[in-house]
Amino acid sequence: MARGRANLLHLYRRQRIIGFGQGKEKRTMQSCIHGKIIYTGKKIVENAYLVFDGKKIVGVSKTKKGKLLGKFPVVVPAFIDAHSHIGMVRSGEPMQEAEANEHMDSLMALPDALDSVQMDDVALRDAVEQGALYSCVLPGSGNIMGGRSAFIRNYAKNTTDALISRAGIKAAFGYNPMSTVDWKGKRPSTRMGALAILRAKLDSVQQKMAKQKRAKGKKKDEITFTAEEAVLKNLLIGKERLRVHVHKIDDIASLLRVVDEFNLKVTVEHAGDVHQPEIYDELKKRKIPVVYGPIDSLAYKVELKHESWRHARHVIESGVKCGFMTDHPVTPARTLLLQTRWFVRCGYSKQQAIELITRKNAEILGVAAILGTLEKGKWASFSCWNGDPFDLACYPVEVYGEGELLFEESE
């Protein structure tokens, strides 16, 4: 089982050259991993076998089935980072080369985060080493609307192979869009200015949709939508979700007013400055999910002046549907599990903390059919630990993605 750091680097080099799905680690026969403790993403099972056949999980069994590949103290589902800029802001590269924000204009629906991801970002390898195999990569928050998200494999050889699905359009409220007045295009200098630009754009598309609906015959066909308008139309009919960067309570209140005006399907991303519980009660009532975090970053701007790990208790007590993010590089992707310790301190069990970055993130991102839990039919993506994942001295010693061994390290 043990090969050490030198062979770890070789594993990644080989995987990148050969490509995921073509390497020697691919398994087409039924195999199993034994765990003293298996976190399934829904419950804890003790002294059991995780059985998988090729890419997919067969189930969790009390008896050995197929070839036994190893025995480990703990097995957990692959971690999912629900909000990241990994591969866009890259380790070891100057910030001038970062690609999270396009400066062309303040409201853009067409930029695709995937086009700015580079899979040779060392942070992707570091994330996989810690069991974080998947990321939802989004444009940054310097624009009112930044573009399309991409849910990716962190272990793929290139971005085409990395893409799994889409998970909404990025938008931003609050300080960030009003702080970029020196960028190109039409720029707001206030919160009300940013929302005025957004409302105007949504209204123009809404009016066009209404005109098309009223039209008959050839006139109906004559009313067409540009590629950007088509994205906004999908937002207005609920086919796309708006993923909204927002920190402060009143900025969330503004978002809810826009939701009411245009009947938008949204998620609240960050909520770092929310220091009173009532807004979460409203989000729960409306069934609006929260992708919370990060927790371990410096409160580096005024709109985070109330930020504290203690506010995680408001999320917990409200019962709002919640996942978690690193916002890489604000906090490194490899720290995804580490940051859930604050939820444990605020009352979650270890199982509930792991659910934040497995099942709950998968549900919010729309990938629960393939990821998030160790259940029959899901992808065989998981990590095997040499001890309790919440013990700082413990770490993954083997990591599997879709049935393939991606990482192995000596203890």
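Each value in this text was obtained by applying a stated rule to the coordinates, not by laboratory testing. Only a predicted model underlies this, so the values are computations on that prediction, with no experimental measurement involved. In this analysis, Cβ positions are derived from the backbone assuming ideal geometry, glycine residues included, and neighbour counts consider all displayed protein chains.
A full extension of the chain between Glu93 and Gln30 corresponds to an added length of 18.5 nm, given 0.36 nm per residue minus the alpha carbon distance. Of the trypsin sites (Lys or Arg not before Pro) found in the stretch 289-380, those in coil by DSSP whose Cβ has at most 12 other Cβ atoms within 10 Å are Lys305, Lys376. Over the stretch 79-371, with a single point scatterer placed on each C-alpha, what log10 of the ratio I(q)/I(0) does the Debye formula yield at q = 0.09, 0.14 1/Å? Evaluating at q = 0.09, 0.14 Å⁻¹ gives log10 I(q)/I(0) of -0.42, -1.02. Cβ-to-Cβ counts within 10 Å put Cys384, Cys32 in ascending order as Cys32, Cys384, the fewest first.
Net length available on complete extension from Trp309 to Gln118 is 65.6 nm, with 0.36 nm assigned per residue and the Cα-Cα distance removed. In order along the stretch 298-314, phi translates into HN-Hα couplings of 5, 6, 8, 8, 4, 6, 10, 5, 9, 4, 6, 4, 4, 6, 4, 5, 5 Hz, rounded to whole numbers, per the Karplus curve 6.51 cos²θ - 1.76 cosθ + 1.60 with θ = phi - 60° and x for Gly and Pro. Loop-resident chymotrypsin sites (Phe, Trp or Tyr not before Pro) (DSSP state other than H, G, I, E or B) in the stretch 283-348 with no more than 14 further Cβ atoms inside 10 Å of their Cβ: Tyr300. Excluding Glu398 itself, calculate the net charge of residues whose Cβ lies under 9 Å from the Cβ of Glu398, where each Lys or Arg counts +1 and each Asp or Glu counts -1. Its environment carries a net charge of -2.
Here the sum of -39500 (n - 2.57) over DSSP H runs of 4 or more residues, divided by the residues of the chain, equals -8500 deg cm²/dmol at 222 nm, to the nearest 500. Cβ-to-Cβ counts within 10 Å put Ile370, Ile80, Ile37 in ascending order as Ile370, Ile37, Ile80, the fewest first. Here the stretch 195-291 yields Rg over Rh of 1.08, to two decimals, using C-alpha coordinates and the Kirkwood radius.
With the charge dipole of the chain set up from +1 on Lys and Arg Cβ and -1 on Asp and Glu Cβ about the Cα centre, the Cα lying farthest toward the positive end among the listed residues Gln207, Cys346, His311 is that of Gln207. Would you please give the FRET efficiency between Gln352 and Tyr395, computed as 1/(1 + (r/R0)^6) with r the Cβ-Cβ distance and R0 = 25 Å, to the nearest 0.05? Calculated transfer efficiency: 0.70.
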